[in-house]
Structure formats: C-alpha cells, structure tokens
Amino acid sequence: MAPTGGPLLLLDSASLYFRAFFGVPDSLKAPDGTPVNAVRGFLDTIGRLIEDRRPARVVACWDDDWRPAWRVAALPSYKANRLTEDGTEEVAPALTAQVPIIVEALAALGIPRLGAPGFEADDVIGTLVARELARPADQRAGAVEVVTGDRDLFQLVDDAAGVVVLYPMKGIKDLQRVDQAWLRARYGVTSGQGYADMATLRGDPSDGLPGVAGIGEKTAVALLGRYGDLAGVVAAADQVGSGLTPAQRTRLVEAREYLAVAPGVVRVAPDAPVAEVDDAVPATPADPDAVARLAERWNLGSPMAHVVRAMAAAPR
C-alpha cells in the first residue's frame, strides 16, 4: 500500500477540550441550560483541523490515566499540584460534565478514540508515532501531525521522520508549526530529545517537575550545547576539569536522584498497550441517527455538521 497523501493527525484530546472550555463562552448551552462550550469548541476544532490539514487518518488520543502510578512511583511530586483532597484531578465540574458528551459525539461521528490503561494521552500519541515510523516507508502517512497545547510533546518533533507538532498559540486558528528549526530558534535546542533534556534540567512546575535548583532554561540549553545531552551533563558533574562551575557541579550532584528518574517520567512511552483500529477519516458518520440525536439534545447542530462536511471532503 502506498503512503497516503494526507497526514496522520493525532489529537491530544484533553489538551484541546480544556482549551475549548476556557476559550469558548460558557453562554453556549444545551436546551436544558447545561453548558456545552467545551463540546462545541472541541468539535469545531476537529472540523477546522480536518478542513485545513486534510488528513487521511485521524485519532482522538485519550487520557485513560492522567497521573499514572508508575510515574508517581518514580517521582512523587508528579502532577501532585493538581490533586484534590480525594486524590482526583482538579477539574471544573462544568467541564467534567461535558466529557461524556464528547465521548458520545466521537463515537457517533466514527472518529476513533484511543487510550491505554495506566497511560496518558501523551503516551498514546508517542506509541502511535512509534508505530507509524516502524511501518515500511511505502506504507506510512505523508506526515504525522500532533495537535496539542502541551509542550511536553515537543520531544516527538523529528524533521527526518516527518513528525511535527501543531501548537495553538492564540486559539486553534493560530497554530504554530513546531519543527526542529522552530525549537532551535525558540529554545536553542536542536531536536525533540534536546527539548526533553532541557525541560528535565529546567523543571516544569505545572507538572510537578522540580528541575535542578539554580539551573534555568538558558543555563540548561548552554549545558546541553556543551555536553551534548542530559547524560553528558550528568557525566560532566563527575569529571574534574569538565568545565562546569563549582556551583553547577554542586547543584547537579545534589540533584542526582532526581536526574536518575526524571528522564523516564518526562519521556512519553513508545510502547503503551494501545489498540489497533481503522483510523481512516470516515467519509460518513458511523451512526447518523446518533449524530442527529446528540445535535438536538445538546445544541450541537452547527459543530456536528461542520465535522461531517469536513470528513466528507477528506482525502481518500
């Protein structure tokens, strides 16, 4: 089978519906008064992406576990800042109520929704990228485009393999195409792995990654430029005359336990147990009657119609 002309479009679903929830007015409601701004915004995002990117294949990647136990075991602070008293993720109730509607809408439209027990959507995306790159060259999609508002996925960027990230800067209408040249210009790193190494050193408070005390983004990039990668930076801390300042060496040595586990936490899994599905963009909805019912029940007529039109016009 020859490669398709259109890309494989991988959607970081939670990232996109969170953005829709905060970016679309909550005055958009169902007939019973239930807010549906996240649903409408998410569906309009999918419609616009299929129209603009013209993918041949699409997957809505899902968080089956937003804070996997294996990451927490390695680094207890991981996403601890987002926990409620009962141990669940802190999410606005008005958004939580809309997620099941999104699930129903995706099923009715026939857009595959894939998660994996014990893994985040990032890991689903990483696994699908790895699978795609493992295909024979003549069976791959023309490109892999990851749509996310999560910078963690910048680590997947690979020009040679045709993997890019589309990052919403100011809403879905303003997507930044993140490739290696952009990473170099914005962060000073030359690869997706370089971004992951920099983020590990710098830390990320939003994910509970403490980083190395006293090493910010500029210093992290400078160290990686000098020593090649994170392993090289760690090795330099043990080498007299490596060029590290005494303060840098002390900080790296003090962070040795963190640096031993953090790369495994930051790295997206390439081998999560993700099901194999038909991910071709459907020409017609899987369940037209369900599409009609959902449109009426939740005031989704316009965004549902948008997605249906976009799917019908997608490359085959």
Exercise for the section: Give the residues of the range 51-69 that are out of contact with any helix residue (DSSP H, G or I) (no Cβ under 8 Å at 6 or more places or on another chain), in a loop (DSSP other than H, G, I, E, B) and closer than 20 Å to Val144 by Cα, sorted by residue number. Expected result: Arg54, Ala56
Completion exercise
Residues in the range 70-101 that are part of a loop (DSSP other than H, G, I, E, B) and touching a residue at least 24 places away in the same chain (Cβ under 8 Å) total 7
Handout entry: For Val58: the one exception among (1) modelled with pLDDT under 95; (2) open to solvent by less than 10 Å² (accessible area, probe 1.4 Å); (3) not aromatic (Phe, Trp, Tyr)
Key = (1)
Problem - Options Val147, Val157; residue that is over 22 Å from Ile46 (Cβ atoms) and crowded, with 21+ Cβ neighbours inside 10 Å - result: Val157
Handout entry: Close pairs (7 angstrom Cβ cut-off, 6 or more residues apart or separate chains): within 20 Å of Val99 (Cα to Cα) in the range 295-316, among the basic types (Lys, Arg) and part of a helix (DSSP H, G or I) anywhere
Key = Leu300/Arg40; Pro303/Arg40
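Would it be correct to say that Ala275 is surrounded by fewer than 17 Cβ atoms within 10 Å (Cβ to Cβ), in contact with a strand residue (DSSP E or B) (Cβ under 7 Å, 6 or more places away or on another chain), under 30 Å from Pro100 (Cα atoms) and touching a residue at least 40 places away in the same chain (Cβ under 8 Å)?
Numbers: surrounded by fewer than 17 Cβ atoms within 10 Å (Cβ to Cβ): yes; in contact with a strand residue (DSSP E or B) (Cβ under 7 Å, 6 or more places away or on another chain): yes; under 30 Å from Pro100 (Cα atoms): yes; touching a residue at least 40 places away in the same chain (Cβ under 8 Å): yes.
Judged against the criteria, Ala275 is a match.
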Practice task
Identify all residues within the range 1-50 that are of a type in the set (S, T, N, Q), within 20 Å of Leu95 (Cβ to Cβ) and assigned to a loop (DSSP other than H, G, I, E, B); write none if there are none.
Solution key: Ser27, Thr34
Exercise for the section: Just need a number here: residues in the range 250-278 that are in contact with a helix residue (DSSP H, G or I) (Cβ under 9 Å, 6 or more places away or on another chain) and among the β-branched types (Val, Ile, Thr). Expected result: 5
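The values are calculated or read from the model by the stated rules, or taken from the named source; none is laboratory data. The structure displayed is predicted, hence computed values, not measured ones. Positions of Cβ are generated from backbone atoms using ideal geometry, with glycine treated the same way; all protein chains shown enter the neighbour counts. Ligands, DNA and RNA are stripped out before the accessible areas are found, and what is left, the full protein with its side chains, is counted by its heavy atoms. Shrake-Rupley method; radii C 1.70, N 1.55, O 1.52, S 1.80 Å.
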